[in-house]
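**Q** Let me begin by handing over the structure; questions about it come next.
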Amino acid sequence: MCIIIDTNSFASVFNQKSSDHDQFHPIKNWIYSGSGRIVYGGTKYLLELKQSRKYLKTFVELGNIRKATILDKEQVDRTDLDIKEKNTNPDFNDTHIVAIVIISGCRIVCTKDSRSDVFLKDKRFYPKNFKVPKIYRGKDNVHLISNNSIKSNCAICKNRESSST
């Protein structure tokens, strides 16, 4: 199953010295020791990742062990642009996260930005009958990263599962 990790949560998930790492370490464990995978992509996300050099290396390592998948940049960017055209609220600066959700079919987003909740769950940004993502913000949401909790629509996960059998 896949997860999108907003760049504002990188330290919380991957840095043991982060003050709130205990709230987010279940994601790290799920990725490294379980069936969790990260999906990401698009110009904005990649730029933010490059600015977080410490975590760029982590994403490369996770990619090498098939625990992180980068999406087609142009496809994410086109979808991001479509969402920006529907958005009139300047507070919504994470249109690229919604684009990643749409392109991947991923159902879980890890973010510490509670301002984006209303936008991540706004059905007008998604195709008809598309299920909006659930948001992981700490241990209270650990049930989301259980393989049985959410039926994944993630095409990347489905392709990986079928190729490994």
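Yes/no per residue for (1) surrounded by 21 or more Cβ atoms within 10 Å (Cβ to Cβ); (2) farther than 19 Å from residue 143 by Cβ; (3) among the basic types (Lys, Arg):
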residue	(1), (2), (3)
3	yes, no, no
9	yes, no, no
14	yes, yes, no
75	no, yes, no
89	no, yes, no
92	no, yes, no
99	yes, yes, no
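**Q** Sticking with this structure for a sec: Quick check: is even one residue across the stretch 94-111 more than 20 Å from residue 131 (Cβ to Cβ) and under 15 Å from the mean Cα position of the chain (by Cα)?
**A** No: zero hits.
**Q** Here is a follow-up. For the stretch 42-61, check the following and say yes or no: at least one residue is among the small types (Gly, Ala, Ser), touching a His at 6+ places or on another chain (Cβ under 7 Å), in a loop (DSSP other than H, G, I, E, B) and modelled with pLDDT of 95 or more.
**A** Checked against the condition, which is being among the small types (Gly, Ala, Ser), touching a His at 6+ places or on another chain (Cβ under 7 Å), in a loop (DSSP other than H, G, I, E, B) and modelled with pLDDT of 95 or more, the stretch 42-61 yields at least one hit.
**Q** Tell me whether the stretch 119-126 contains one or more residues that are loosely packed, with under 14 Cβ neighbours inside 10 Å and among the aromatic types (Phe, Trp, Tyr).
**A** No, there is no match, as no residue in the stretch 119-126 is loosely packed, with under 14 Cβ neighbours inside 10 Å and among the aromatic types (Phe, Trp, Tyr).
**Q** Quick check on the stretch 3-39: of everything there that is part of a loop (DSSP other than H, G, I, E, B) and either under 20 Å from residue 114 (Cα atoms) or of a type in the set (Gly, Ala, Ser) (or both), which residue is nearest to the chain's Cα centre (by Cα)?
**A** The extreme case among them is 6.
**Q** Related question: Residue check: is residue 29 under 24 Å from residue 105 (Cα atoms), without any contact (Cβ under 8 Å) to a residue 24 or more places away in the chain and surrounded by fewer than 18 Cβ atoms within 10 Å (Cβ to Cβ)?
**A** yes
**Q** Just one of the numbered conditions (1) in a loop (DSSP other than H, G, I, E, B); (2) touching a residue at least 60 places away in the same chain (Cβ under 8 Å) is not true of residue 90; which one?
**A** The single condition residue 90 does not satisfy is (2).
**Q** Can you run down the residue pairs with Cβ atoms below 8 Å, 6 or more apart or on separate chains, where the first is in the stretch 101-117 and touching a residue at least 12 places away in the same chain (Cβ under 8 Å) and surrounded by fewer than 20 Cβ atoms within 10 Å (Cβ to Cβ) and the partner is aliphatic (A, V, I, L, M) and outside any helix (DSSP H, G or I)?
**A** 117/135
Here's the yes/no breakdown for (1) within 25 Å of residue 34 (Cα to Cα); (2) β-branched (Val, Ile, Thr):
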{"site": "62", "(1), (2)": "yes, no"}
{"site": "69", "(1), (2)": "yes, yes"}
{"site": "78", "(1), (2)": "no, no"}
{"site": "81", "(1), (2)": "no, no"}
{"site": "85", "(1), (2)": "no, no"}
{"site": "94", "(1), (2)": "no, no"}
{"site": "97", "(1), (2)": "yes, yes"}
{"site": "124", "(1), (2)": "no, no"}
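**Q** Let me ask something else about it. Any residue in the stretch 52-68 that's touching a residue at least 12 places away in the same chain (Cβ under 8 Å) and buried (at least 16 other Cβ atoms within 10 Å of the Cβ): show its pairings with residues that are β-branched (Val, Ile, Thr) and not in a helix (DSSP H, G or I) at Cβ separation under 8 Å, as long as the two are six or more apart or on different chains.
**A** If the second residue must be β-branched (Val, Ile, Thr) and not in a helix (DSSP H, G or I), the pairs left are 59/38; 62/38; 67/38; 68/38; 68/39.
**Q** What do you reckon, is residue 133 closer than 19 Å to residue 71 by Cα, touching a residue at least 12 places away in the same chain (Cβ under 8 Å) and surrounded by fewer than 22 Cβ atoms within 10 Å (Cβ to Cβ)?
**A** The answer is no for residue 133.
The values are calculated or read from the model by the stated rules, or taken from the named source; none is laboratory data. In this text the structure is predicted, and so the values were computed from the model without any measurement. Note that we place each Cβ from the backbone using ideal geometry, even for glycine, and neighbour counts take in every protein chain shown.
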